[in-house]
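Quick notes on the structure that follows.
The values are calculated or read from the model by the stated rules, or taken from the named source; none is laboratory data. Not measured: the values here are computed from a predicted model. Please note: Cβ atoms are built from the backbone with ideal geometry, for glycine as well, and neighbour counts cover all protein chains shown.
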Amino acid sequence: EAAEKAGYEHFMLKEIHEQVSAIHNTLAGKVSELEGKIDLKELNMTDEEIRKLSRVQILACGTSWHAGLLGKYLFEQLAGIHCDIDICSEYRYRSPVISDGTLAIAITQSGETADTLAAVREIMSYNCPTLAITNVVGSTITREANSVLYTRAGPEIGVAATKTFSTQLTLLYLLAVKFALSRGKLSPDYVKGFITGLRKIPGQIQQILNQKEAVKECAENFAHSDNYFFLGRNLNYPIALEGALKLKEISYLHAEGFAAGELKHGPIALLEKGTPVVTIATKGQTYDKVLSNIKEVKARDATVIAVADNKDTEIGKYADVVLTIPPSSELLSPLLSVVVLQLLAYYTALARGCSIDKPRNLAKSVTVE
Ligand code: G6P
């Protein structure tokens, strides 16, 4: 086992680092920067078929559901295609209405989650074409879905998903941009810039990893808090949910993620002096709104840990701690912010002496309903 960990103390830390190569490998052969083209042969859909789609239905559980939620934002914002997302254990029992022209996308790193397989069988019984996004070659989902896109993350041993999540996101970015191109919503020139940005992500993740001591110090300072909150807006909302899930899974701290705008509708009542509130405050269309949320949090004497661009000179005036990421486009920054939150969860669990790779009560894949 020590050899497999390649010098890292835990598989989770190794897998956080492997995101650099995992994203690179997931992109390999799929993007052409020169032509502004995205090639997803495995999708088995012509441009004409993509244009005719009226809806995307995403089905997933757990961390994969968080990836799917970001996917919804991407399909709607970039490709202008209606997208619903369901938690699989809810989907089959809520009598879903499945319209013609729907493409189902099932996201499951293991390809074996019982609830996801059941939801896929349900939607396929309506003759709905289904695409699976998974990390495991030959898993059950790959035999059931009509087409399969693989995340090239390599084996993930840590129960808390890290590199499978960021590679799921990578494929969802590619799919949404591909759909947008086919539907005439984005120009090849825009897509060239998008691909240039995406190709930079592995190197930028490496830069975040090079400064992981800052995240460790922050994690140690707040490791004995009772509650932790995570806020984000727009594309960062799913990342806030994922940050909270990572923390609760491996550190057993109570952590909740919220859409930052919902703060005033309840969560603000829970803020006390010193409660850590991780706020994703990267530059983008909701930046000013997020700053207002930070001020609301500060007014209750809670502590703000902001995830922000390293070029942001303003955020330090408001946040107690600033954890930085290299500047990237608003669209792609979730791929960077999530790495900071994974490290925060990891170092918090380490400081609390938890069983990081095998947290209590959790399994890598849940094969019972
Ligand atoms: C379990 C794992 C999670 C995972 C979820 C869904 O709860 O511990 O990390 O997100 O299952 O798994 P899947 O394989 O379908 O992505």
Being over 30 Å from ALA79 (Cα atoms) and either loosely packed, with under 15 Cβ neighbours inside 10 Å or β-branched (Val, Ile, Thr) (or both) narrows ILE280, ILE305 down to just ILE305
Picking from ILE239, ILE205, ILE250, ILE195, the residue that is assigned to a helix (DSSP H, G or I) and more than 24 Å from LEU175 (Cα to Cα) would be ILE250
Condition test on TYR287, is it aromatic (Phe, Trp, Tyr) and crowded, with 22+ Cβ neighbours inside 10 Å?
-> no
ASN146: passes all of (1) within 16 Å of the ligand (Cβ to nearest atom); (2) within 19 Å of VAL56 (Cβ to Cβ); (3) touching a Ser or Thr at 6+ places or on another chain (Cβ under 6 Å) but (1)
Scanning region 58-100 for residues that are within 16 Å of the ligand (Cβ to nearest atom) and assigned to a strand (DSSP E or B), the one surrounded by the most Cβ atoms within 10 Å (Cβ to Cβ) turns out to be LEU59
Apart from one, (1) among the hydrophobic types (A, V, I, L, M, F, W, C); (2) surrounded by fewer than 21 Cβ atoms within 10 Å (Cβ to Cβ); (3) more than 16 Å from the ligand (Cβ to nearest atom); (4) at pLDDT 95 or above all hold for LEU270; the odd one out is (4)
message: Whether any residue in region 127-137 is among the small types (Gly, Ala, Ser) and free of Cβ contacts under 8 Å to residues at least 40 places away in the same chain is what I want to check.
response: yes
Checked pairs for region 342-369, first under 30 Å from VAL120 (Cβ atoms), second among the polar types (S, T, N, Q) and surrounded by 16 or more Cβ atoms within 10 Å (Cβ to Cβ), C-beta under 7 Å and 6 or more apart or across chains, list as GLN342/THR162; ALA345/SER251; LYS364/SER110; SER365/SER110; SER365/THR113; VAL366/THR113
The residue that is farthest from the ligand (Cβ to nearest atom), considering only those in region 312-369 that are surrounded by 22 or more Cβ atoms within 10 Å (Cβ to Cβ) and part of a loop (DSSP other than H, G, I, E, B), is ALA319
Quick count over region 152-181, residues being within 16 Å of the ligand (Cβ to nearest atom) and over 13 Å from the mean Cα position of the chain (by Cα), is 8
The correct count of residues that are part of a helix (DSSP H, G or I) and either among the hydroxyl-bearing types (Ser, Thr, Tyr) or more than 19 Å from the chain's Cα centre (by Cα) (or both) in region 253-282 is 9
Within region 6-33, residues being out of contact with any Asp or Glu (no Cβ under 9 Å at 6 or more places or on another chain) and part of a loop (DSSP other than H, G, I, E, B) number 5
Please tell me if ASN25 is of a type in the set (S, T, N, Q), surrounded by fewer than 24 Cβ atoms within 10 Å (Cβ to Cβ), away from the ligand (no atom under 16 Å from the Cβ) and under 13 Å from LEU171 (Cα atoms).
yes
ALA106 vs (1) within 14 Å of the ligand (Cβ to nearest atom); (2) outside any strand (DSSP E or B); (3) touching a Leu at 6+ places or on another chain (Cβ under 6 Å): all pass except (2)
Listed by first then second residue, the pairs whose first member lies in region 223-250 and is over 29 Å from PHE75 (Cα atoms), whose partner is of a type outside the set (S, T, N, Q) and in a helix (DSSP H, G or I), with beta carbons under 6 Å and at least 6 positions apart or on separate chains, are ALA223/ALA351; TYR228/LEU247; ILE250/ALA345; ILE250/ALA349
Considering residues that are of a type outside the set (Gly, Ala, Ser), within 13 Å of the ligand (Cβ to nearest atom) and part of a loop (DSSP other than H, G, I, E, B), the number found within region 118-143 is 2
Scanning region 37-57 for residues that are of a type in the set (A, V, I, L, M) and either within 16 Å of the ligand (Cβ to nearest atom) or under 19 Å from LEU198 (Cβ atoms) (or both), the one surrounded by the fewest Cβ atoms within 10 Å (Cβ to Cβ) turns out to be LEU40
